Every structure is written in structure tokens, then in C-alpha cells.
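In what follows, a structure is listed as C-alpha cells, so that the remarks can point back to it.
Computed from the coordinates by the stated procedures, all read-outs in this text should not be read as laboratory data. All of these numbers come straight from a predicted model, not from anything done at the bench. Glycine gets a Cβ as well: all are built from the backbone with ideal geometry, and neighbour counts include every protein chain shown.
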Amino acid sequence: MKIIKIILKASAICIALFAVAGFLYYFKYVKPFKEKMAETMLVNFDMNLMVIHGGGGNSGILLLDSMVLVIDSKMDEAAIELHKTAKKIAEGKPIYLVNTHYHPDHVGGNYLFEGNTIIAGGNYSEMLWKQESGLNQLPTVWVKDSLIIETSTEKISIVNLPFAAHTESDLVVYLHNKRVLFTGDLVLNKQIPMLMGAAKPSAYLTAFDYLRNRFNLSTIVPGHGNIGSNKVFIDFKQYFLDMQEAKNNADQKDELIAKYDSWTQLPIFMSPQATIRKF
Ligand SMILES: [Zn+2]
């Protein structure tokens, strides 16, 4: 009986310590991260393309002659604002929504687009989508390979990556005339990636080469962080190369990790150490 009492007491202490650690972690790291993530910033790329940073994943609203294309639906208040803006720009034209992948910060506003065409990657099952997105708003079109939309002013390629990198079915959207690529979370600008579930660091490296060979890139709209030139792509690739090197070269590890101190990150889950562990 005495030993059971000791075990119970030790368990209670462990649970209490975990609860305190979780509480401190949330207020020190997660809360400021979420507050920063909720901020939005609008960039008018040109007369027809608006990029809305933050409020979840970055989004685009592209005005075409016969439709409006929205890329990623954000979350919470920002999702409602995005939907309102898209409707205003559309002036009655049909709105098509593309989801680059199933994470809630990119699909949290899907419910607002109920009744519209919603396009997503074709390697997901409906069950996986519901499980990962936390939503019932399923896409209506699942792209297995690619989908081309051609209008009088723009040609758009919506391409499903042929292998799992950030998730099982990552979609990118390329605007041929503007040479703009929406990468979803395959590319981030000065932010450490969160590598959960199917995410594979080595596949990110393959994805970078695949995208750069396939498209003539000029502007990158990353999943998070500011829109930028090819440098965004190059810097993010270098991050993975550095973490790969850090895994294999203990002497260089601390120095390689320190290179990314200024990037947005969350200890343990969204950190260079987490990337190194996944390699
Ligand atoms: Zn994601």
C-alpha cells in the first residue's frame, strides 16, 4: 500500500509540473506567436492581384475576366475579412478557392466558401482532410496532377506535388504571365517550418528543385512571411541544407543553428533542433 501511495504522489507531482511547464510555454511562446500570426498586411501586387499576409497562411485574390481565384482561406477574423474582400472584388463573378494544403491556418475560412468550387490536392482522402483540417468543408475538386485555368489575361497552373513534402498533397499555384508562385508552406520567409506528420525535410529539398525546374520564377508568395524574390526560395533551401549539415557535423551544429536565431520559431516544435531530428 505504501508503494502505491508513493507512486500516486509522484504521478501527481509530475502532472502538476507538466501543467505548469505547459502554462509557461503557452504564455511565453505560443500566445505572442498567435498574436503575431493574427496580424494582416495587404499588398497590391498589381491591378489584378492582391496578396494578404498573415491572419493564418498568406492568401491571394486574383481578379480574372470571368472569375476570381482565392488562394487559401485563412482563419478566424482574417478569414471573414478575406471572404468579404473577395466578394467585393468579384462583383458577382464566380469565386474559386484553392487550398494549398489542409492545415487549419490555410483552410479555416473554407466554411465561408460553401457552395463555391474548392480545389485541393488529390492525394488526400476525405477522412484525412477532415481529421487534419478540423473542418467539414471538403474541397469539391481534388487535383491529382495539375489543373490549368486559361483566361484572356492570365494562365494559371495549379500543380499537385507528386510526392509528400509538407503534407501528403501540397498544391502550388503559378501565374504564368506574372511569374508569381504561391507555394503554401513548402516555402516560408524567415520562419522555421513546423514539420508534423507526413512532412519530410529531404522531400522539401527535392520540392525546391522540382519547382525551380518547372516554373520560371520571379516572385514567391510563401506560406508565411513576406512576399519576395527568388531569394526567399534560396534562403529557405539553405536552411534545410544547413540543418542537414548540422545533423552530420557536430562541430558546426551550434554555429549553423545560430544563423537562424532571428527567424520566427517556437522552441521544441518549430525549431532548428526539430528539423534536425526529422532528417
Ligand atoms: Zn502548413
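To the nearest 500 deg cm²/dmol, what mean residue ellipticity at 222 nm is calculated for the chain from DSSP H runs of n ≥ 4 alone, each contributing -39,500 (n - 2.57), summed and divided by the residues?
Mean residue ellipticity, 222 nm, calculated: -12000 deg cm²/dmol.
Which pairs in the list 84/200; 74/231; 155/259; 88/200; 155/278 are over 32 Å apart, alpha-carbon to alpha-carbon?
84/200; 155/259; 88/200; 155/278, as the Cα separations exceed 32 Å there.
Starting from the alpha-carbon convex hull of the stretch 30-278, give the projected area averaged over all orientations, in nm².
Averaged projected area of the stretch 30-278's Cα convex hull equals 12.4 nm².
Explain nothing, just the number: relative contact order of the stretch 30-278, from Cα pairs under 8 Å at least 6 residues apart, as a whole percent.
Relative contact order of the stretch 30-278: 13 percent.
Give the aspartates and glutamates reachable from residue 93 as a straight Cα distance under 19 Å; neighbours fewer than 8 places away on the same chain don't count.
65, 72, 81, 114, 150, 154
How high is the relative contact order of the stretch 111-243? Use alpha-carbon pairs under 8 Å, at least six apart in sequence, and give a whole percent.
That works out to 19 percent.
For the stretch 198-279, what's the relative contact order in percent, using C-alpha pairs closer than 8 Å and at least 6 residues apart?
Averaging sequence separation for qualifying contacts and normalising by length gives 29 percent for the stretch 198-279.
Kindly express, to the nearest 10 degrees and within the range 0 to 90, the angle between helix 2-25's C-alpha long axis and the longest C-alpha principal axis of the chain.
Once rounded, the angle reads 40 degrees.
Please report 152, 271 as a ranked list, fewest other C-beta atoms within 10 angstrom at the top and most at the bottom.
By the 10 Å Cβ count, ascending, the order reads 152, 271.
Distance from the Cα centre of the stretch 102-127 to that of the stretch 159-176, in angstrom?
So the separation of the two Cα centres works out to 14 Å.
As I understand it, the value is the acute angle between the Cα axis of helix 230-248 and the longest principal axis of the Cα atoms of the chain; what does it come to in degrees, rounded to 10?
30
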